[in-house]
Amino acid sequence: MSDESIFRSADMILVQFYIASEISRDCVSVLGEIGDVQFRDMNKNVNSFQRSFVKETRKFDDTERQLRYLESVIAKQQVPITTTSYDDMIRSSTRDLEGLANRNPPTTSQMDAMVEVTGKYEVNVRQMADTYDDLLSRQSDLLEHRTVLQGTRTFFDARLSLEVQHGNSGMNHIRLSSDVDEESIMIEESSDQPLMSQDAESMNNDNANNSEMNILGSNMSFISGTIDTDRFITLEKILWRSLRGNLYMNKVPIDEPITDPKTGEEHYRCIFVIFTHGVRLIGRCRKIVESLEGKLFEVSPDYSVYRRQLSEVNDKLMDLNSVLEHTRERLVLELKEIALEIERWKIQITKEKAVYSTMNLFDYDPTRRCLIAEGWLPKDDLSAVKSALRDVTERCGTDINTVVNVIPTNRTPPTFFRTNKFTSAFQSIVDAYGIASYQEVNPGLPAIVTFPFMFAIMFGDLGHGFLLFLAALTLVLKEKSIARMKNREEIFDMAYTGRYILLMMGLFSMYTGFMYNDLFSRSMTIFKSGWKWPSGFKEGESITATQSGVYPIGIDYAWHAAENSLLFANSYKMKLSILMGFIHMSYSLQFSLVNSWFFKSRIDIIGTYIPGFLFLHSIFGYLCVTIIYKWSVDWIGKDKVAPSLLNMLINMFLSPGHVDEPLYAGQGIVQVILLSIALVCVPWMLLYKPLALKRQNDVAIRLGYINVQGGAAAAAAGTLDSGNSGSISQVGGDDYSLLSTATDNLSAATMTSFIIEDYDELPEPFNFGDVMVNQVIFTIEFCLNSVSHTASYLRLWALSLAHNQLSAVLWSMTLQNSFTSFSKRGVLGCFVVFFLFGMWFVLTVAVLVCMEGTSAMLHSLRLHWVEAMSKHFKGEGYQYEPFSFHDILTIKQDEVNGNIQ
Amino acid sequence: MEGLFFNINDGFIEAVVRGYKNGLLSSSQYVNLTQCDTLEDLKLQLSATDYGNFLSNVSGVLSTSIIESKLNDNLVSQFRYLKAQASEPLSTLMDYISYGYMIDNVALMITGTVHERDRSEMLERCHPLGWFDTLPTLSVATDLESLYETVLVDTPLAPYFHDCLSVDDLDDMNIEIIRNTLFKAYLEDFSDFAKTLSSPSDEVMCRFLAFEADKRSINICVNSLNTELTPEDKLKMMPGLGRLSNPAFQHQMVHSDDLEQLKIVVNSVGEYKNFFDESNDKSMEDHFYEYEMTLCKNAFTQQFTYSTIWAFLRSKEQEIRNIAWISECISQNQKDRINNYIAAY
């Protein structure tokens, strides 16, 4: 039991470490690698910023921020990050000394160098990234300018051609956009401007800066630019109002969204042109546009100016592009360098930060040469930890030895079950309900068998079970490669974590499916049937089978087609689920005996276990016995009507001693005796324990102890009297008071020695009223629950029936229809089989395996949490959470993955 | 009865608000904050609260303004989240809440334009909750009428403007008058709306709004002492609700020539008695805040109301003011005044 500690929590001891302050970092980091100590906060009253190592943690916080920044830039530039090669840095905890020796933490100077390097990198990268962003925004400005130039061009062209049609424009020559290939203009510079006339040239010179245009005879000024499409309407409205309609507006949407280099968001923008009169109005338009975050660009209606502007913009763009490319290359080069290392840095920083935040929990000794730490440790690992620390001390060569003291205490230790990859999933089922009290029986152990079994009773089908088994098997066989997978999806991750549960559930369902003789709702004819159908009957005639033997195992397939098969199955499964439920509850109740025995609480054995046991067994145990008895009697052979057990049970209460349909001789007397036993148990359970506790308390007071803690609170706070006379834990015998044994042992060992006593809260004095009220509640709950919990197990029957019927319906609605003779459908039948099989299989997996499986699993969960665990489980413990690098790093990774999702 | 159907639409929001409320700093947390020696300490201390590591991505030296802006971001995101979840009539109520900030923003923009401040600087100082699309364009026009006709007519504030369009030139005084006139119209409208809410939202909301109105009335009267505003002008700005809104009070208030006369009027309302009490270094403003926090605290005792949102918003704003005050005291090394914050929870 010592090394396994799955049935009960491992023995935990409180240990005090004296670590010389110069080697404290190394020591703590070794303890982190071992991952076996849960440190207690020694400075609860000290503010978080007043602790000793807050400077260091702050430094690493800053480095972490820098790393986050670098990472975000790396992600933005899409430089791949090497991660896999550092997976080995997240090593699982070890107690092996040689392994530990190889895991030297980086020295402080190494860490400082690293912090410095990251700082430098951050400055560099930030500078470059800023320049890059700056260039990008200029680039996008220029691009927008170009789009505006081109966009307005088409507009002007259309306008001009209109004028030409009207025949009142002599100034501009016809130039349709189709004449010249726009693209070619953009890229190559055609120096000659064949369509340009002298006239237009002069116009240009006059109006180049005023950007005026002659439209239909009147001189209009205009401005153009871009604006967010969704703001265009606002712009239009405001302009219309403020210019009182004296304007002409046009817009061309830009098809491509434009990325804002600052925020990285994409906006749809559109090009607009506004025509109006006069400089003042134009000025006002300009202001309004700018206030709505529009960008204004200079455009000219004149073709030659347009050409010149376009070429200018293109030149600028080309220059900018080459600069941009250079900057990017340099940035990426730098980032690649960082990307190689960043994962390692992150891991080291995380570890380092963890070390210092742990050291913040420590206390300085008065001379400030040593750090004092306290922590919980499994008793068996004490020597390993000691030798590891000795190793570190030797390696560092300090003269102050690291001292490890075991200190006796009355604090409640944390609960620690050693689990492996198989048991941990089952343990988590229990932990999700509550952490077991220290050293009470762990219901997670029996759950390994009962959980899949309860599930299987509801999910009994050989085929479905096999599918589940296969799926779980894949997860189990590929567990290593899946474990390396990052960004597992949430549901998938759940299935992965519970893969061994699924595997067991699949196996058990195959077994129950075999018992129920169900394979995808069809029955298997493995053995010779025990029933014989008569031969030579006409179609439509009802026939009766005669029994010829006994089917070797499971349900006879002859029942499958029978008319009364449902009646048979119902009665059988209902009784079966009562039996299963009773067995489940009954053995759970035995654990309370085991617990009371372990904690040496005689009062609990006599006051709650025995009456509870008698109550449950005299009513429901008796019911189970009669069920089996009824099965074993050949009622038809005896030519008697089989009595109804439900009526029997009801009448047992309503008219004791009187039996309508006797099951066996002397039934009345037996039932009266059983009933009276059950009735006696109620006051017994109600009164014995409170009275016994009160007597104990009175005795203690008479012996001179003041304020003996007998109440439930005492269990948590310890049972030691505040005097120096050692242990009086024999009085604290309430519900197997958790510590009484622990302190018993300790005080036996250190009878006269000093015992650390620090109560988190003062134990409440014994209060008879409270104890009485609690016991009344307990008694009422126990009696009522034994009825309702037994009934609750009927869900086993209901779900199993539902599952069976649903799969039968699915079969008959889909695949069964496809099996017809060849003459009826011909070759088409093949396709029908093909498609119907597909449908049947998909629905089987989706509805019957996944949905029904989930529901059956939840019901099984409930049966464990509510029906079984309520019989013995206290669940008042707290989880053992050792300081371990492995845990910190993996949890951190999971968090990161979660954030990405 | 109102509780029966409340949770269908608003239960979630109420739960979220109460969750937010529980995240407000408690007095013991404030005590911890006041013990900080540097802003870094403050950051560490705040990271243990609901704010979490909201400052962890700030590089460089911390300053009060950075902390305050981050705190404000936090408030705004919480408000937006609530608003996104809200359905009628709560969403209208939240709209109304944001109108108040809009009025402030409008006044700020106009003042800025009059003083020819930089537009982007002004926009930064605007409260994000009172943001509306055409807010930046307010910097274009220089007289109120054109502002109204071009921009404001589209905003929900338009109806509140009909009383103040007569103001011709925009100077600081007139802007303040406009602001108060707008607030008067706004508060009256808001309280009309609040009265249509189901009970007890209407009751609690009206209590808040009444205090808001009284606060404004007192402020108007105090600030307009020794100015050339006529009593009639003042009367135009006094909201028609609140405990001081009864004509007799209003008449006395606007005709007060000095603080003493005003005090007498205000003191005649029991709850407002100590507003002018200047012992303990407390200004009138502090008394207002304190009284408002009591109102908020009381509002949280009611369930099935929309007023919790208002109460939460105000409490959170107070908290931001408190943290800003504490951090300002820390950075200016004025530890003796650090305890002048108003902790309600």
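The values are calculated or read from the model by the stated rules, or taken from the named source; none is laboratory data. Note that this is a predicted model, so its numbers are computed, not measured. Backbone-built Cβ (ideal geometry, glycine too); neighbour counts: all protein chains shown.
Which of the residues belonging to the range A:796-829 are closer than 30 Å to A:F453 by Cα, among the hydroxyl-bearing types (S, T, Y) and surrounded by fewer than 16 Cβ atoms within 10 Å (Cβ to Cβ)?
Matches in the range A:796-829: A:S812 only.
Is at least one residue of the range B:58-71 at pLDDT below 85, surrounded by 13 or more Cβ atoms within 10 Å (Cβ to Cβ) and over 27 Å from the mean Cα position of the chain (by Cα)?
Yes, the range B:58-71 has at least one match.
Would you point out which residue out of A:W811, A:W797 is closer than 30 Å to A:G465 by Cα and in contact with a strand residue (DSSP E or B) (Cβ under 8 Å, 6 or more places away or on another chain)?
Just a single option satisfies the conditions, and that option is A:W811.
Which one is surrounded by the most Cβ atoms within 10 Å (Cβ to Cβ) among residues in the range A:597-622 that are within 19 Å of A:N785 (Cα to Cα) and among the small types (G, A, S)?
Checking each candidate, the answer is A:G607.
Could you say whether any residue in the range A:312-329 is more than 29 Å from A:L67 (Cα to Cα), among the basic types (K, R) and either modelled with pLDDT of 85 or more or surrounded by fewer than 21 Cβ atoms within 10 Å (Cβ to Cβ) (or both)?
yes
Could you go through the range B:256-272 and let me know if any residue there is acidic (D, E), part of a helix (DSSP H, G or I), within 24 Å of the chain's Cα centre (by Cα) and at pLDDT below 80.
Yes - at least one qualifying residue is present in the range B:256-272.
Among the residues of the range B:83-96, write down those that are within 18 Å of the chain's Cα centre (by Cα) and of a type outside the set (D, E).
Of everything in the range B:83-96, those that are within 18 Å of the chain's Cα centre (by Cα) and of a type outside the set (D, E) turn out to be B:K83, B:T92, B:L93, B:M94, B:Y96.
Look at A:R40 and say whether it is out of contact with any Cys (no Cβ under 6 Å at 6 or more places or on another chain) and either surrounded by 20 or more Cβ atoms within 10 Å (Cβ to Cβ) or within 12 Å of chain B (Cβ to nearest Cβ) (or both).
No; evaluated as a whole, the condition is false for this residue.
When you scan the range A:246-291, how many residues do you find that are over 30 Å from A:V73 (Cα atoms), assigned to a loop (DSSP other than H, G, I, E, B) and more than 14 Å from chain B (Cβ to nearest Cβ)?
Total meeting the criteria: 2.
Scan the range A:661-707 for residues that are surrounded by 14 or more Cβ atoms within 10 Å (Cβ to Cβ), closer than 30 Å to A:S632 by Cβ and among the small types (G, A, S) and jot them down.
A:G668, A:A678
So, in the range B:235-254, how many residues would count as being surrounded by fewer than 16 Cβ atoms within 10 Å (Cβ to Cβ) and on the phi > 0 side of the Ramachandran plot?
0
Given (1) of a type outside the set (K, R); (2) within 28 Å of the chain's Cα centre (by Cα); (3) farther than 30 Å from A:Y516 by Cα, identify the lone condition not met by A:G397.
For A:G397, the failing item is (2).
Inside the range B:113-227, counting only helices (runs of 4 or more DSSP H) that do not spill past its ends, which hold 2 or more residues that are within 14 Å of chain A (Cβ to nearest Cβ) and in contact (Cβ under 8 Å) with a residue 12 or more places away in the chain?
In the range B:113-227, the matching helices (runs of 4 or more DSSP H) lie at B:119-125, B:144-150.
Right, B:N53: free of Cβ contacts under 8 Å to residues at least 40 places away in the same chain and either within 30 Å of B:C329 (Cβ to Cβ) or of a type outside the set (K, R) (or both) or not?
yes
Tell me which helices (runs of 4 or more DSSP H) are completely within the range A:470-565 and hold 3 or more residues being surrounded by 11 or more Cβ atoms within 10 Å (Cβ to Cβ) and of a type in the set (A, V, I, L, M), or say none if there are none.
Ranges flagged: A:499-516.
Being at pLDDT below 90, out of contact with any strand residue (DSSP E or B) (no Cβ under 7 Å at 6 or more places or on another chain), farther than 24 Å from A:F466 by Cβ and in the same structural domain as A:S428 (by TED's automatic domain parsing) narrows it down to one of A:K532, A:K528, so name that one.
After ruling out the rest, the residue left standing is A:K528.
Go through (1) at pLDDT below 80; (2) surrounded by 15 or more Cβ atoms within 10 Å (Cβ to Cβ); (3) away from chain B (no Cβ under 14 Å); (4) under 13 Å from A:D228 (Cβ atoms) and name the single condition A:G294 misses.
Status for A:G294: all satisfied but (3).
Matching residues to (1) within 14 Å of chain A (Cβ to nearest Cβ); (2) touching a residue at least 60 places away in the same chain (Cβ under 8 Å):
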residue: B:A15; (1), (2): no, no
residue: B:L24; (1), (2): no, yes
residue: B:E40; (1), (2): yes, no
residue: B:Q78; (1), (2): no, yes
residue: B:S87; (1), (2): no, yes
residue: B:M102; (1), (2): no, no
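Residue under question is B:A48, and the condition is that it be within 14 Å of another protein chain (Cβ to nearest Cβ) and not hydroxyl-bearing (S, T, Y); does it hold?
So B:A48 fits the description; yes.
Can you say whether A:I619 is part of a helix (DSSP H, G or I) and over 19 Å from A:L796 (Cα atoms), as far as the supplied structure shows?
In short, yes.
Any residue in the range B:2-19 that is of a type in the set (D, E), outside any helix (DSSP H, G or I) and at pLDDT below 85?
No.
Scanning for something crowded, with 16+ Cβ neighbours inside 10 Å and over 51 Å from the mean Cα position of the chain (by Cα), does the range A:630-645 turn up at least one residue?
Taking every residue of the range A:630-645 in turn, at least one turns out to be crowded, with 16+ Cβ neighbours inside 10 Å and over 51 Å from the mean Cα position of the chain (by Cα).
Spot the failing condition for A:D461; the list is (1) in contact with a Lys or Arg (Cβ under 9 Å, 6 or more places away or on another chain); (2) surrounded by 21 or more Cβ atoms within 10 Å (Cβ to Cβ), and only one is missed.
(1)
Within the range B:26-36, take every residue that is facing another protein chain (nearest Cβ under 8 Å) and assigned to a loop (DSSP other than H, G, I, E, B) and give me the one that is surrounded by the most Cβ atoms within 10 Å (Cβ to Cβ).
Only one residue tops the list, namely B:C36.
From the list B:I309, B:I320, B:I338, B:I342, which one is closer than 30 Å to B:G11 by Cα and at pLDDT below 85?
Residue meeting the stated conditions: B:I342.
What residue, among those in the range B:181-199 that are surrounded by 18 or more Cβ atoms within 10 Å (Cβ to Cβ) and of a type outside the set (S, T, Y), is nearest to B:C164 (Cα to Cα)?
B:L182
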